[in-house]
1. Out of Thr93, Thr76, Thr81, report the one residue that is surrounded by 13 or more Cβ atoms within 10 Å (Cβ to Cβ), β-branched (Val, Ile, Thr) and either at pLDDT 95 or above or not assigned by TED's automatic domain parsing to the domain that holds Arg35 (or both).
2. With respect to the numbered conditions (1) under 29 Å from Tyr87 (Cβ atoms); (2) surrounded by fewer than 17 Cβ atoms within 10 Å (Cβ to Cβ), which one is the sole condition not fulfilled by Leu193?
3. Of the conditions (1) over 30 Å from Val182 (Cβ atoms); (2) in contact (Cβ under 8 Å) with a residue 12 or more places away in the chain; (3) of a type outside the set (Val, Ile, Thr); (4) outside the structural domain of Val338 (by TED's automatic domain parsing), Tyr87 satisfies every one except a single condition; which number is it?
4. Of all residues in the stretch 1-40, count the ones that are under 21 Å from Leu353 (Cβ atoms) and not aromatic (Phe, Trp, Tyr).
5. In the stretch 117-229, which helices (runs of 4 or more DSSP H) lie fully inside it and hold 2 or more residues that are closer than 29 Å to Arg97 by Cα?
6. Among the numbered conditions (1) in a loop (DSSP other than H, G, I, E, B); (2) under 21 Å from Arg233 (Cα atoms); (3) touching a residue at least 40 places away in the same chain (Cβ under 8 Å), tell me where Gln277 comes up short.
7. Could you please let me know if Thr285 is crowded, with 22+ Cβ neighbours inside 10 Å, in contact (Cβ under 8 Å) with a residue 24 or more places away in the chain and not in a strand (DSSP E or B)?
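The values are calculated or read from the model by the stated rules, or taken from the named source; none is laboratory data. As the structure is a computational prediction, the values presented were derived from the model and not from experiment. All Cβ positions, even for glycine, are placed from backbone atoms using ideal geometry, and neighbour counts span all protein chains on display.
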Amino acid sequence: MTGKKDLLDRFSGEAKEDLLYMPDLTLWYEWHRSRGTLPQGWRDSSLPQVARLLGVPVWLPAQLWKSEPSGIRVDTVETTTERVITYETSNQTLRARWTRGPDGDWWQTEYPVTSEDHLVAAVELIQSRTYTLDPSNLSDLRADVGEDGVVPLALPKRPYSELLHDFLGWSDGLMLLDEPEVVEMLTILESKLQELVGRLADLPGCIVLSPDNLDGQFISPGAFESYLGASYRRTADILHSHGKRFVVHVGGPIRQLVKPLTAAGVDGIQGICGPPQSDTSLSETRQIVGPEITLWGGIPQDVMPETHRRGHFEKAVAEAAEEAAGDPRIILGVADRVPVHADIDRLEAMAALIDEISRGEHDPTQEG
């Protein structure tokens, strides 16, 4: 059986009861590739090649679109420690600022909208957005992956998530949600998103990924119902009419969101994990959502760096594998993605360890 077929069978319910382990390597790979710190011997390897070396199916999301404002001047100034983007609307200048964090990534410290005075200009900025679709490299990506995995088509964030993540911020921004201009921005973003979904749905591929990083610390069931549920349902309906599966990425505590996601027609949830990383294990989530949705995760990120004892790592993997055993709609993985500081020895050992566990050959008394 190929990695692609085994993975897709987890969505149809036709999979065998054998465990399927598939880590999401995207964050880890891109972080190290961009810094030239991939392990020796992998420096010239593509992500699919690394996955093959690890003995796991390939998960290679493809973002085939660009988001650009039309008719608005955008200036970007970037140094080694700071990035500032300014947007010149017809009546006001909006500014966003990022600083370089200790992990080397950009952390947003200033949002374009910091008060009600910026809302009219923000509406203009949102209205100017265009999505340019360029699927020219999709065939090459699919050929590179072959039957060893899949190339999910990546979507933008949901409008509610994007508005708070990128424009308003999760603190002061929440106080502006009832403003008429914010409601208008959400409506505009939703229309543009669903139009893009329709265009992506016509492209080759089996799975579409919504990289929302949903987090129950910030999104209550009420907020989900008000701002997200209908949006997910519209996307699910479009994708299902084209024979595609719809996967949503989550992070943080998400127990209160998994049932609404299922009700909205989502086919798979990526990032399931128990405490302390999240708040619902694979088996607990299965009890909440029922048998039809695909669950992916189970292994906490926290046990991947070598700062955690090897025994804790093996125990966490064994517990996740036990929960996944016999469930044909579970994909074992590091929730929510393999962290950038994962111990390479553990990453390399994972597939063999899970195989030992599945065959009953792993001896937990040997865990250090």
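1. Residue meeting the stated conditions: Thr93.
2. (2)
3. It fails just one condition, (1).
4. Step one: of the stretch 1-40, the residues under 21 Å from Leu353 (Cβ atoms) are 1, 3, 6-7, 10, 15-25, 28-29, 39.
Checking which are not aromatic (Phe, Trp, Tyr) leaves us with 1, 3, 6-7, 10, 15-20, 22-25, 39.
Qualifying residue count, the stretch 1-40: 16.
5. Correct list: 119-127, 159-162, 180-201, 221-227.
6. (2)
7. Working: crowded, with 22+ Cβ neighbours inside 10 Å: yes; in contact (Cβ under 8 Å) with a residue 24 or more places away in the chain: yes; not in a strand (DSSP E or B): yes.
The answer is yes for Thr285.
One line per residue, one yes/no per condition, for (1) out of contact with any Asp or Glu (no Cβ under 7 Å at 6 or more places or on another chain); (2) at positive phi; (3) buried (at least 19 other Cβ atoms within 10 Å of the Cβ); (4) modelled with pLDDT of 90 or more:
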{"position": "Gly173", "(1), (2), (3), (4)": "yes, no, no, no"}
{"position": "Glu179", "(1), (2), (3), (4)": "no, no, no, yes"}
{"position": "Val183", "(1), (2), (3), (4)": "yes, no, no, yes"}
{"position": "Val197", "(1), (2), (3), (4)": "yes, no, yes, yes"}
{"position": "Cys206", "(1), (2), (3), (4)": "yes, no, no, yes"}
